[in-house]
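First comes the structure, then the notes that go with it.
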Amino acid sequence: MRFSLQTVFAITLLVALMSLAWKSQHANELERARANQLQNEVDNLEQLLDVHHPETRDAWLHELEQYQAVLAMRDIALDRFEKLYDKYSTLKPRDGTTLSMRFLPTLPVQGGSNGFSYRIWVPEDRPVWLKFGVHPAKTSVNTSAEADALKFWSDSAYDPSGPYEMRLPAGDHRLRILNKAPTDVTRIIQFELDHESLLETSITAKKINGGSAGSIGGDDQIDFPGDQMLPWLLTLQTGIEGGWPDEDQKPAISVWLSDQPSQFQGFPGNDD
Amino acid sequence: MMTDPVEPDRASGSRHPRFRVFRFAALTAIGAALLWYTAGQVSKKRREEAKSTRLIARRDRYQAKLDRLENAAEEADRARRIILGVLRECRVAEDIPQLSKHHVVSQNQSSRALLFHVPSGKHVLEIQAKWGPSMADSSATPKESSQIEGARKTVVGGEKTWTIPLPAHSGYRLQMPDTRGDDALEWRLTSNHKDFVTRAEDLPVEGFRRIGWSYGTRGIVGFPNLIRNVSSKRLQAAVGRPSGQQLWEVTLSGKRQDQPFRVRYAIRLISDCPAYATARAVRQMRSWMPAGLQWDYQGAGKYALRQRGQNSATD
């Protein structure tokens, strides 16, 4: 068979048209598949939002109002907290040898617990030492004298372990202690004096689970005249899931004020 | 040689003209069919594209709603912690702010006190105290003295329940006994409502010395008589017979006359209002809602459970 040019042309044209037809069909199928997938997604979302029931079409708006009501309460609470803070933070210095303090209100910190906050007035004529140490948890501490008498670990699960001390200058101070939980396995305990970091100590364990803390408290100003011992402030322990393998090795952190130095190192401050 | 000359092309093509026409027509028809088919496919594709565009717009609208809900839910979760944190810092009842007309908010301060706020409506606080000798290991609940082996049968176990009406939309502070010595086991309820008279009661137990204590720490931010995601049967049971909610429990353990002794308090709020559920819970329960019941929306994400056809009573 001999093909004329015309025939060749005609067949080429046909082949071109066939491939065009096939391509357009393929493109159409793809587009249809895409539309079907989108339809599925939309059906899913409509089900989640209950769009088709006349009774529930507004349900999502009501759910939004549910959350907004909680946010409104939060704003009222925060407003009140400012007033509480003012109310419970005023401090009236007494005399040259009386230390005065107040236990201040605190708010929960993102990723952490409330923490502890103290306002401390150090008198002119009395030396006051702020101390920090890690000791066996089973020894209980409630007074400055008990704390001064403890045996401290310089190497423990808390890093760094101290012990540390510093002489507090006369005047108004704010001591803040924050217990942060960045992960399941770490706690970071931060100490801040007058908005400057004194110390950050951390503990890491297989899984950290709560803990306990005891602090000096009280709703009003507490005064410690010259003839009275300075106060113990805080003891806290970190809980480990399953408990500590050796109860004798379980550490606790204590913070207290003392009338005399113990020859501890100074607080590391901001340098890491 | 005189044969009829075979007309080469013309002869084989004596059918040519018609064959050619036929072939041309056939090819043209096929071509036209292909073109027509292609055109059809292209137009269908355009329609599908238009449909997709509409679907995308709808999907994005729905997704925006869901994202908005999810963000609000997360923020509300964080807000809850702050609300409870502030409540924990209220040292007297007057410190408690007017939080909400709809929500019960409750938080304990370690073992010392419970601070709570009640919304509109009629509410009653029920304080139930149970006391008695306990087993040496502190896992048992208070048992009557008859269960102590060979004990002197002095009956020291007992229980007492107080119910105290609470003016609405107010804050309250329930202070628990702080017995370090031999003080009476007294609880004290104060309020920031101007007409509320402080109430204090003690237990007829002397000589109790507290050594330890345990208490719940769960904070509450929610509607009174709150129904969570429950079965259809529980929904049926909850309508018209709301059960109240447990706010707190505290157990003081120690010694009385050298015997292990325990005092347990359970504190409940009983509210004279329908059972309520959050908008979120109502959505989840929708598919098994019993026929005779309905949800009435009352604002702030709160739905009241009622019999169908029942008038909404004013809350």
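Per-residue answers, yes or no, for (1) part of a helix (DSSP H, G or I); (2) of a type in the set (A, V, I, L, M):
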{"residue": "A:Gln25", "(1), (2)": "yes, no"}
{"residue": "A:Gln39", "(1), (2)": "yes, no"}
{"residue": "A:Thr56", "(1), (2)": "no, no"}
{"residue": "A:Val70", "(1), (2)": "yes, yes"}
{"residue": "A:Asp75", "(1), (2)": "yes, no"}
{"residue": "A:Leu78", "(1), (2)": "yes, yes"}
Requested in this report: Give region B:86-113 a look and list any residue that's within 19 Å of B:Gln298 (Cβ to Cβ) and small (Gly, Ala, Ser), or say none.
Outcome: B:Ser100
Query raised in the report: If you go through region B:81-114 one residue at a time, how many are assigned to a loop (DSSP other than H, G, I, E, B) and within 10 Å of A:Arg80 (Cβ to Cβ)?
Result: 6
Report summary line: Picking from B:Asp77, B:Asp95, the residue that is closer than 26 Å to B:Gly219 by Cα, of a type in the set (Asp, Glu) and surrounded by 18 or more Cβ atoms within 10 Å (Cβ to Cβ) would be B:Asp95
Report task. Out of B:Leu35, B:Leu55, B:Leu69, B:Leu84, report the one residue that is facing another protein chain (nearest Cβ under 9 Å), hydrophobic (A, V, I, L, M, F, W, C), surrounded by 13 or more Cβ atoms within 10 Å (Cβ to Cβ) and under 30 Å from A:Phe103 (Cα atoms). Result -> B:Leu84
Report task. Within region B:258-304, track down each residue that is in contact with a Leu (Cβ under 9 Å, 6 or more places away or on another chain), outside any helix (DSSP H, G or I) and within 14 Å of chain A (Cβ to nearest Cβ). Result -> B:Tyr276, B:Ala277, B:Thr278, B:Met289, B:Leu293, B:Gln294, B:Trp295, B:Asp296, B:Gly301
Report summary line: Filtering region A:80-103 down to residues that are within 24 Å of B:Ile220 (Cα to Cα) and more than 7 Å from every other protein chain (Cβ to nearest Cβ) yields A:Glu82, A:Lys83, A:Tyr85
Query raised in the report: Would region A:133-154 turn up any residue that is away from every other protein chain (no Cβ under 14 Å), in a strand (DSSP E or B), under 21 Å from A:Leu193 (Cα atoms) and under 26 Å from the mean Cα position of the chain (by Cα)?
Result: yes
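A short reminder: the numbers here are calculations on the coordinates, not readings from a lab. In this text, all values refer to a predicted model and were calculated from it rather than measured experimentally. Positions of Cβ are generated from backbone atoms using ideal geometry, with glycine treated the same way; all protein chains shown enter the neighbour counts.
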